[in-house]
1. Can you run down the residue pairs with Cβ atoms below 6 Å, 6 or more apart or on separate chains, where the first is in the range 44-68 and touching a residue at least 40 places away in the same chain (Cβ under 8 Å) and on the phi < 0 side of the Ramachandran plot and the partner is of a type in the set (Gly, Ala, Ser) and assigned to a loop (DSSP other than H, G, I, E, B)?
2. Only residues that are closer than 17 Å to Asp124 by Cα and surrounded by 12 or more Cβ atoms within 10 Å (Cβ to Cβ): list them for the range 43-56, please.
3. What helices (runs of 4 or more DSSP H) lie completely within the range 27-111 and have 1 or more residues being of a type in the set (D, E, K, R), modelled with pLDDT of 95 or more and over 13 Å from the mean Cα position of the chain (by Cα)?
4. May I ask you to list the residues in the range 57-73 that are under 18 Å from Asp121 (Cα atoms) and aromatic (Phe, Trp, Tyr)?
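The values are calculated or read from the model by the stated rules, or taken from the named source; none is laboratory data. Not measured: the values here are computed from a predicted model. Quick reminder, even Gly has a Cβ in these numbers, built from the backbone with ideal geometry, and neighbours come from all protein chains shown.
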Amino acid sequence: MGPKAYAAVLIFALSAGAAQAQAIDPTLAPGGDPAHGEQLFKQRCSTCHQADKTGKNGVGPLLYGAYGRMAGKEPGFTYSDNLKAATFTWTPEKLNQWVQKPASLVPGVKMFLPPVTAPKDRADIIAYLKTHSTNVVAEAPPAAKKPAKKAATKKS
Ligand code: HEC
(Lines give C-alpha, C1' and ligand atoms only; values in the text may rest on other atoms or scores of the structure.)
Protein backbone atom coordinates (compact mmCIF):
# COMPACT_ATOMS: atom_id res chain seq x y z
CA MET A 1 0.00 0.00 0.00
CA GLY A 2 1.44 3.40 -0.98
CA PRO A 3 1.52 6.26 1.49
CA LYS A 4 -1.44 7.94 -0.24
CA ALA A 5 -3.63 4.88 0.15
CA TYR A 6 -2.54 4.62 3.75
CA ALA A 7 -3.60 8.19 4.42
CA ALA A 8 -6.98 7.55 2.80
CA VAL A 9 -7.54 4.48 4.95
CA LEU A 10 -6.51 6.38 8.05
CA ILE A 11 -8.85 9.26 7.31
CA PHE A 12 -11.66 6.82 6.63
CA ALA A 13 -10.99 5.01 9.91
CA LEU A 14 -10.92 8.26 11.85
CA SER A 15 -14.12 9.63 10.38
CA ALA A 16 -15.89 6.29 10.80
CA GLY A 17 -14.81 6.28 14.43
CA ALA A 18 -16.08 9.79 15.00
CA ALA A 19 -19.41 9.05 13.35
CA GLN A 20 -19.76 5.93 15.44
CA ALA A 21 -19.16 7.84 18.65
CA GLN A 22 -21.92 10.32 17.91
CA ALA A 23 -24.77 8.82 15.93
CA ILE A 24 -27.44 6.82 17.69
CA ASP A 25 -28.96 4.17 15.48
CA PRO A 26 -32.66 3.85 16.37
CA THR A 27 -32.97 0.52 14.54
CA LEU A 28 -34.59 -2.22 16.57
CA ALA A 29 -33.79 -5.46 14.76
CA PRO A 30 -36.66 -7.96 14.96
CA GLY A 31 -36.39 -11.36 16.58
CA GLY A 32 -33.63 -10.99 19.15
CA ASP A 33 -31.86 -14.24 20.04
CA PRO A 34 -31.46 -14.51 23.84
CA ALA A 35 -28.86 -17.30 23.62
CA HIS A 36 -26.56 -15.15 21.53
CA GLY A 37 -27.48 -12.22 23.76
CA GLU A 38 -26.19 -14.18 26.73
CA GLN A 39 -22.82 -14.66 25.03
CA LEU A 40 -22.64 -10.95 24.24
CA PHE A 41 -23.67 -10.09 27.78
CA LYS A 42 -20.84 -12.25 29.13
CA GLN A 43 -18.35 -10.55 26.85
CA ARG A 44 -19.54 -6.98 27.08
CA CYS A 45 -21.53 -6.43 30.25
CA SER A 46 -20.64 -9.06 32.85
CA THR A 47 -17.48 -7.37 34.09
CA CYS A 48 -19.86 -4.89 35.71
CA HIS A 49 -23.30 -6.53 35.71
CA GLN A 50 -25.02 -9.70 36.81
CA ALA A 51 -28.44 -10.63 35.47
CA ASP A 52 -29.46 -13.81 37.30
CA LYS A 53 -32.24 -13.73 39.84
CA THR A 54 -29.79 -14.66 42.60
CA GLY A 55 -27.19 -12.14 41.41
CA LYS A 56 -26.10 -8.98 43.14
CA ASN A 57 -24.96 -5.48 42.45
CA GLY A 58 -21.36 -5.04 41.32
CA VAL A 59 -19.67 -2.14 39.57
CA GLY A 60 -23.06 -1.80 37.88
CA PRO A 61 -26.50 -2.61 39.28
CA LEU A 62 -28.02 -6.08 39.16
CA LEU A 63 -29.95 -6.26 35.89
CA TYR A 64 -32.39 -9.02 36.85
CA GLY A 65 -35.80 -7.41 36.43
CA ALA A 66 -34.38 -4.25 34.90
CA TYR A 67 -36.19 -4.86 31.60
CA GLY A 68 -39.54 -3.15 31.91
CA ARG A 69 -38.71 -1.50 35.23
CA MET A 70 -38.21 2.16 35.91
CA ALA A 71 -34.57 3.20 35.50
CA GLY A 72 -32.31 3.79 38.47
CA LYS A 73 -34.30 1.83 41.02
CA GLU A 74 -32.34 -1.32 41.89
CA PRO A 75 -32.28 -1.43 45.70
CA GLY A 76 -28.88 -0.99 47.31
CA PHE A 77 -27.08 0.37 44.27
CA THR A 78 -25.62 3.86 44.37
CA TYR A 79 -26.60 5.41 41.05
CA SER A 80 -25.45 8.67 39.58
CA ASP A 81 -27.83 11.47 40.58
CA ASN A 82 -29.41 11.70 37.14
CA LEU A 83 -30.07 8.01 36.69
CA LYS A 84 -31.42 7.79 40.22
CA ALA A 85 -33.85 10.61 39.39
CA ALA A 86 -34.88 9.07 36.04
CA THR A 87 -38.59 8.57 35.45
CA PHE A 88 -38.55 6.40 32.33
CA THR A 89 -39.00 2.66 31.95
CA TRP A 90 -36.44 0.35 30.34
CA THR A 91 -38.25 -0.39 27.10
CA PRO A 92 -36.44 -2.01 24.15
CA GLU A 93 -36.12 1.47 22.61
CA LYS A 94 -34.41 2.91 25.67
CA LEU A 95 -32.10 -0.09 26.03
CA ASN A 96 -31.28 0.14 22.34
CA GLN A 97 -30.10 3.69 22.86
CA TRP A 98 -28.40 2.98 26.18
CA VAL A 99 -26.05 0.27 24.91
CA GLN A 100 -24.90 2.63 22.18
CA LYS A 101 -24.30 5.71 24.29
CA PRO A 102 -25.67 5.87 27.84
CA ALA A 103 -24.99 9.60 28.20
CA SER A 104 -27.20 10.34 25.18
CA LEU A 105 -30.13 9.10 27.23
CA VAL A 106 -29.17 10.33 30.68
CA PRO A 107 -26.50 13.02 30.92
CA GLY A 108 -23.85 12.48 33.55
CA VAL A 109 -24.26 8.72 33.90
CA LYS A 110 -21.31 6.75 35.11
CA MET A 111 -21.54 3.79 32.75
CA PHE A 112 -18.97 3.64 30.00
CA LEU A 113 -18.87 0.92 27.39
CA PRO A 114 -17.73 0.46 23.83
CA PRO A 115 -20.91 1.10 21.83
CA VAL A 116 -22.80 -1.99 20.70
CA THR A 117 -22.97 -0.99 17.04
CA ALA A 118 -24.69 -3.93 15.32
CA PRO A 119 -28.51 -3.67 15.52
CA LYS A 120 -28.78 -7.47 15.70
CA ASP A 121 -26.37 -7.61 18.65
CA ARG A 122 -28.37 -4.97 20.46
CA ALA A 123 -31.59 -6.88 19.81
CA ASP A 124 -29.99 -10.08 21.12
CA ILE A 125 -28.80 -8.40 24.33
CA ILE A 126 -32.26 -6.89 24.85
CA ALA A 127 -33.86 -10.31 24.24
CA TYR A 128 -31.52 -11.76 26.87
CA LEU A 129 -32.47 -9.08 29.41
CA LYS A 130 -36.12 -9.73 28.63
CA THR A 131 -35.68 -13.38 29.67
CA HIS A 132 -34.25 -12.11 32.97
CA SER A 133 -37.29 -10.14 33.96
CA THR A 134 -40.92 -10.81 34.65
CA ASN A 135 -41.89 -7.30 33.60
CA VAL A 136 -43.93 -6.83 30.48
CA VAL A 137 -43.39 -3.92 28.14
CA ALA A 138 -46.04 -2.93 25.67
CA GLU A 139 -44.42 -3.42 22.27
CA ALA A 140 -44.22 -0.23 20.29
CA PRO A 141 -46.49 -0.46 17.25
CA PRO A 142 -44.49 -1.12 14.08
CA ALA A 143 -43.66 2.24 12.54
CA ALA A 144 -44.96 1.18 9.15
CA LYS A 145 -48.43 0.35 10.42
CA LYS A 146 -50.82 3.23 10.03
CA PRO A 147 -53.76 3.57 12.40
CA ALA A 148 -56.84 1.80 11.10
CA LYS A 149 -58.43 3.67 8.25
CA LYS A 150 -61.11 6.00 9.40
CA ALA A 151 -64.53 5.52 7.89
CA ALA A 152 -64.26 6.77 4.34
CA THR A 153 -65.08 10.41 4.24
CA LYS A 154 -68.17 10.98 2.16
CA LYS A 155 -67.64 12.82 -1.01
CA SER A 156 -70.27 15.43 -1.49
C1 HEC B 1 -17.58 -0.71 32.98
C2 HEC B 1 -18.76 -1.17 33.68
C3 HEC B 1 -20.02 -1.39 32.90
C4 HEC B 1 -20.20 -2.12 31.74
C5 HEC B 1 -19.15 -2.84 30.89
C6 HEC B 1 -21.63 -2.08 31.46
N7 HEC B 1 -22.28 -1.38 32.43
FE8 HEC B 1 -24.29 -1.05 32.56
N9 HEC B 1 -24.02 0.13 34.18
C10 HEC B 1 -22.80 0.39 34.78
C11 HEC B 1 -23.00 1.36 35.84
C12 HEC B 1 -21.91 1.92 36.75
C13 HEC B 1 -24.37 1.69 35.83
C14 HEC B 1 -25.06 2.74 36.70
C15 HEC B 1 -24.87 4.08 35.98
C16 HEC B 1 -25.26 5.30 36.77
O17 HEC B 1 -25.70 5.19 37.92
O18 HEC B 1 -25.12 6.39 36.21
C19 HEC B 1 -24.98 0.89 34.78
C20 HEC B 1 -26.34 0.89 34.49
C21 HEC B 1 -26.95 0.09 33.55
C22 HEC B 1 -28.38 0.00 33.32
C23 HEC B 1 -29.46 0.74 34.10
C24 HEC B 1 -29.97 -0.15 35.20
C25 HEC B 1 -31.02 0.46 36.07
O26 HEC B 1 -31.28 -0.12 37.14
O27 HEC B 1 -31.61 1.49 35.70
C28 HEC B 1 -28.56 -0.89 32.31
C29 HEC B 1 -29.90 -1.31 31.71
C30 HEC B 1 -27.26 -1.37 31.91
N31 HEC B 1 -26.30 -0.76 32.67
C32 HEC B 1 -27.04 -2.27 30.89
C33 HEC B 1 -25.78 -2.66 30.44
C34 HEC B 1 -25.56 -3.57 29.34
C35 HEC B 1 -26.66 -4.26 28.56
C36 HEC B 1 -24.20 -3.69 29.19
C37 HEC B 1 -23.45 -4.48 28.14
C38 HEC B 1 -23.77 -4.21 26.76
C39 HEC B 1 -23.59 -2.85 30.21
N40 HEC B 1 -24.57 -2.26 30.95
C41 HEC B 1 -22.21 -2.72 30.38
C42 HEC B 1 -21.60 -0.18 34.46
C43 HEC B 1 -21.34 -0.94 33.32
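1. Every condition considered, the pairs that remain are Cys48/Gly58; Cys48/Gly60; Leu63/Ala51; Tyr64/Ala51; Tyr64/Gly55; Tyr67/Ser133.
2. Passing the criteria: Arg44, Cys45, Ser46, His49, Gln50, Ala51.
3. Here the list reads 34-44, 81-84.
4. Passing the criteria: only Tyr67.
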